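I have placed the structure first, in the form of structure tokens, so that the comments after it can refer back to it.
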Amino acid sequence: MSRVSAEVTTNPADDVPTADAEPIVRKFQRELSAGLTSLVLLSVLSDADADLYGYEIARRLGADPAAASPFKQGALYPVLRNMSAAGLLSSRVVPSYSGPPRRYYRITPLGRDVLAAWRATWTETRSFVDSIVHRATTEEMTP
């Protein structure tokens with residue numbers, strides 16, 4: 001079994017990854033986003049007062065101009081379908097006068113239960129990761 005290693009370097013002037021690190025950074029972002037998409041979608045639908053269709057959900061994810069959404073709109077639809085098939089969401093198709101029919105989604109009671117568990121898991125995981133990452137950063141800064 002061989003191990004592949006890649007050296008990640010940063011530009012000391014602005015702490016931005018160099019060109020060699022870019023593919024690794026993009027891969028990390030893709031993997032992280034894939035793992036969080038369902039949590040974020042359930043959260044958006046949980047907060048909604050009405051059923052939402054895909055474009056509305058994507059628009060809500062990108063509503064905060066200060067925070068760049070790592071989620072691509074096209075990647076949301078397969079996740080919505082999978083969550084619907086798992087019983088976390090219900091969906092209905094409504095004809096549209098301005099284009100193709102729209103599929104609207106609503107979180108189910110099972111989806112709310114799962115969301116509560118996922119939020120707890122996310123909070124614990126985030127706290128753990130933050131403690132390790134911030135400790136490592138603090139240690140790097142200590143002479």
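Here region 90-127 and region 17-50 have alpha carbon centers that stand 16 Å from each other.
Between R126 and S98, the contour length at 0.36 nm per residue exceeds the alpha carbon distance by 5.9 nm. Here, region 77-117 has an Rg and a Dmax of 11.9, 39 Å when only alpha carbons are counted.
Each value in this text was obtained by applying a stated rule to the coordinates, not by laboratory testing. Because the structure is predicted, anything quoted here is derived from the model rather than measured.
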